[in-house]
Amino acid sequence: MGSIMGMMKKIEKLPLVSELGRADVDGKVVLVRVDYNVPLEMGRNGWRVKDERRINASVETIKYLQKLGAKVVLISHLGRPGGRARAELSLAPALESLKKLGIHAVFCAEPPGAAARETINQLNPGQVLLLENLRFYPGEKANDAQFAKTLASLGDIYVNEAFSNCHRQHASIVGVPQHLPGFAGFALDEELRRLDQLMQKPERPFVAVIGGSKIVDKVGAIRQLANLADVVLVGGGVANDFLLAEGVEVYRSKVEDKTAGGERNLVDLAAELIEEHKYERVLKDGYLPLPKIIYPVDVLAAPSIETDQKKLVQTIDLTSNMKDMPEKTRLVYLDIGPKTSRLYRELISQAGTVFWNGPMGVWENKLFRDGTHKIADAIAGVNATTIIGGGDTLAAIDAFGLEKTFTYVSTGGGAALEFLSGHQLPGIAALTK
Ligand code: ADP
Ligand code: MG
């Protein structure tokens with residue numbers, strides 16, 4: 001209980017971009033931190049943006065500021081250039097995507113500094129400028145004080161429209177708002193409200209579905225979700241940690257046992273979570289004395305993640321006597337099995353709220369796609385508030401053509417998980433200080 005009360009206090013009133021009027025921004029330079037960390041592909045006329053969702057998400061804020069007469073300067077990172085300029089990681093291709101959305105921005109390749117400031121000052125009210133990839137300069141990731149100050153000196157007001165980066169202590173996220181009045185963009189505000197509602201007053205039963213392979217992040221989220229949700233269904237690579245915690249053989253499956261700092265054994269933590277939440281599940285049909293954290297009862301296993309022959313895939317019943325298990329094999333678990341899928345779908349069908357993050361298996365390989373696809377269909381079809389997130393999860397639902405069927409698609413990824421884990425996000429804190 002203590003931890004839930006702790007989380008409830010956390011959301012303070014954020015200054016919102018929607019509270020800014022013409023008098024506040026007319027003729028002023030507004031630095032908007034967007035997340036244009038988008039996948040690029042080589043097209044006939046050079047690099048172009050392959051997935052424009054993150055660019056689309058910034059449009060409302062940009063157009064709002066344009067209409068009020070602001071000079072809008074967009075700042076973002078892209079990829080991991082390692083603190084130096086790399087042509088293939090230039091943000092310039094984003095201009096084309098912005099144009100399609102009716103925003104005719106100019107590009108500035110100059111580093112933050114006098115020359116860039118000169119170009120920015122020449123903008124007309126309502127004009128938009130996109131600054132080159134901030135990670136071309138080591139000061140961005142290092143949150144260098146001087147770099148943050150120089151960046152802030154380019155503008156009068158700061159707007160954060162990059163929720164997905166708010167868990168990072170980078171100059172454009174936490175450094176700049178130390179020097180400028182800071183506001184939350186429309187999309188960032190919506191993301192926070194959606195996640196907050198999930199934490200404060202979800203329609204019950206609240207079913208959380210967690211999968212994928214970033215196990216460290218996911219176990220942390222499961223720890224909080226076990227308090228918030230009525231049932232937590234675990235699949236994908238994360239499930240292996242829980243199986244191992246219960247003494248179930250996982251052979252050579254992906255397992256992570258240490259947190260990033262190496263201080264916590266995740267398998268032990270999984271065991272604690274299972275024990276702590278053993279008999280608590282409540283569903284619409286009444287109380288069912290079953291564990292709150294549920295992990296697979298069967299899996300699809302194969303010799304390797306690249307297995308391409310169906311005959312090499314076997315279904316393993318994990319509830320059977322371990323003596324029946326194949327011995328000394330090199331198996332890896334790559335998808336939830338059919339019984340698990342049926343059980344999970346039954347529970348999802350009773351939900352009032354579903355939060356889903358992380359594929360149930362290695363869906364990129366069609367032999368291990370079924371678990372993720374069926375769970376996605378079940379969540380898409382349930383009459384409930386459905387919130388999904390995670391880069392690979394979104395790629396999967398996109399591939400299944402289900403994008404439009406969820407209540408809210410979070411672009412927050414790791415930041416959303418951190419938020420749900422009960423952590424204060426540095427980028428949000430920087431706006432409320
Ligand atoms: P998201 O981006 O949705 O948060 P993650 O990045 O945590 O998800 O994990 C996604 C990846 O997890 C997928 O690319 C998938 O191949 C992989 N994955 C799912 N199940 C397993 C498994 N059992 N073993 C290894 N990798 C898995
Ligand atoms: Mg991912």
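Among the lysines of the stretch 13-157, pairs at least eight places apart or on separate chains and with Cα atoms under 16 Å apart come to 9.
Distances between placed amide hydrogens fall under 5 Å for Lys254 paired with Tyr333, all partners being 5 or more residues away or on another chain. Taking 10 °C and 1.306 mPa s as conditions, the chain diffuses translationally at an estimated 69 µm²/s according to Stokes-Einstein applied to its Kirkwood radius (Cα pairs).
A dipole drawn for the stretch 1-157 from +1 and -1 charges on Cβ atoms has a positive end, and of Val38, Thr150, Val72 the residue lying farthest that way is Val38. Only helices enter the 222 nm calculation for the chain: every DSSP H run of n ≥ 4 contributes -39,500 (n - 2.57), and dividing by all residues gives -9500 deg cm²/dmol, rounded to 500.
Peptides 365-375, 88-98, 247-257 ranked from most to least packed, by the mean per-residue count of other Cβ atoms within 10 Å: 365-375, 88-98, 247-257.
For a straight C-alpha distance cut-off of 18 angstrom, the lysines reachable from Lys310 (same-chain residues fewer than eight places away being disregarded) are Lys366.
The magnitude of the dipole of the chain, with charges of +1 and -1 set on the Cβ of Lys/Arg and Asp/Glu and taken from the Cα centre, is near 620 debye. Quick check on the stretch 154-267: take the gyration tensor over C-alpha atoms, sort the square-rooted eigenvalues as a ≥ b ≥ c, and tell me if it's rounded (a/c under 1.5), prolate or oblate. Oblate shape, in that a/c is at least 1.5 and b/c is the bigger or equal ratio. Here the gap between Ala92 and Lys13, fully extended at 0.36 nm per residue and compared with their Cα-Cα distance, gives a gain of 24.9 nm. Amide hydrogen proximity for Val159: with H placed 1.01 Å from N in the peptide plane, the residues at 5 or more positions away or on another chain lying under 5 Å are Leu31, Val32, Arg33, Phe183.
The lysines whose alpha-carbon is closer than 18 Å to the alpha-carbon of Lys258, local same-chain residues fewer than 8 away aside, are Lys214, Lys218.
Read the figures in this text as sums done on the coordinates, not as results from a lab. None of these values were measured; they are calculated from a predicted model. As a convention, Cβ positions derive from the backbone with ideal geometry for all residues, glycine included, and neighbour counts pool all protein chains shown.
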